[in-house]
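The values are calculated or read from the model by the stated rules, or taken from the named source; none is laboratory data. Computed from a predicted model, the values in this text were never measured in an experiment. In this analysis, Cβ positions are derived from the backbone assuming ideal geometry, glycine residues included, and neighbour counts consider all displayed protein chains. The area values use the complete protein model at the heavy-atom level, side chains included, leaving out ligands, DNA and RNA. Shrake-Rupley method; radii C 1.70, N 1.55, O 1.52, S 1.80 Å.
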Amino acid sequence: MSRFSMRKTLTGIAIAALATSGLVMTAGTASADATHPSAATVNSSNVRITKSIVGDGEVAPGGKVTVRTVISTTGHPERYVDQFVDRYPATFKYIQGTATVNAWHLIGGQKTESVTPSVDTAARTVNVPSTGWLISPTGSKTVTIEAQYLVADDAPIGSYQEMSSSIGISTFNTDQNISGVYAKIRAKNPGEAAASGSADLGFGSSDGEGGTGSAGSSILDNPAGFISDIISGVLANGS
C-alpha cells in the first residue's frame, strides 16, 4: 500500500470513529465510586462551597477536564470571596487562558469574565486573583470559578485524581477548604483511540500551551477542525 493510500485509510478510520464517538462519550456515571465522588459540598456558617468535575466525572489520558467551584450563601450576612486557590494532581496541567469567574458587578450585575491566575507548577496551584467578589442571598449573588486541565498521556487508567481548593472568605479567621473531588481516568473510547493514532502521523492540534496536544482532545473539542486538519495533512504530506 502506498503512503498516500495508507493515509487515506487512516483518515477514513478517524472519520468513522468520530461519527460513533458521540455514542460512547457519555458512558459512565458522575460518581463511579462512592468513595471517590466527582462533586462535593461543604458548609461553614452561612457559606456553601460546591466543587465538581464537569460532565460525567471521567476523562481519558490526553483529554481535558473542566473543574467548577461555586461559592454562595445560605443567608445573611453578605460576605466577600477574597482569595481562591485550586490544587491539582501531578497528572494534570493547567491550560493557559481557560480560567473564568462568574461574579456580581456593580455595573453589569452577574457576569462571566476571563481571569489570569498565578500558576505555581512546583506546588501545583492555580491562584485566581480577587478584588473581593460579593456573595449574598439578596439577588442570589454567587461566585463560580472554572478552569480546564490537560491530563497526562501516561495517567494511570482506573486511577482517581483529586482536586481541592482553599477559599479566603471575609470575616473568617481561616481559609475554607474543600477536597475529596475526583476525576476518574478511564480508557480511551474508539474515537479517542483513533484520533491518537492520527496524531502520531502528525495530525495533532494545539493544546493551548503552545505545543502539540492530544488529538483525542481535539476531536472532542473541535470535530470539524480536527477533520479539516486531517484532510489538510493528507493533501500536504501524501505522495
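Side notes on the structure shown:
- Proximal lysines to Lys51, defined as alpha-carbon separation beneath 21 angstrom and excluding residues fewer than eight positions away on the same chain: Lys64, Lys93, Lys111, Lys141, Lys184
- Placed amide H near Phe84: partners under 5 Å, 5+ positions off or other chain: Val128, Gly168
- Rounded to whole numbers, the Karplus 3J(HN,Hα) couplings from phi for the range 66-80 are 9, 10, 10, 10, 10, 10, 9, 10, 9, x, 6, x, 5, 9, 10 Hz, using 6.51 cos²θ - 1.76 cosθ + 1.60 with θ = phi - 60°, and x at Gly and Pro.
- Apolar share of the accessible surface for the range 113-205: 45 percent from carbon plus sulfur atoms, 1.4 Å probe.
- Spin-label model distance (nm) - Thr41 vs Arg124, 7 Å beyond Cα toward Cβ: 2.8 nm
- Protection proxy ranking, highest mean first, for peptides 83-89, 72-78: 83-89, 72-78, where packing is the per-residue count of other beta-carbon atoms within 10 Å, averaged.
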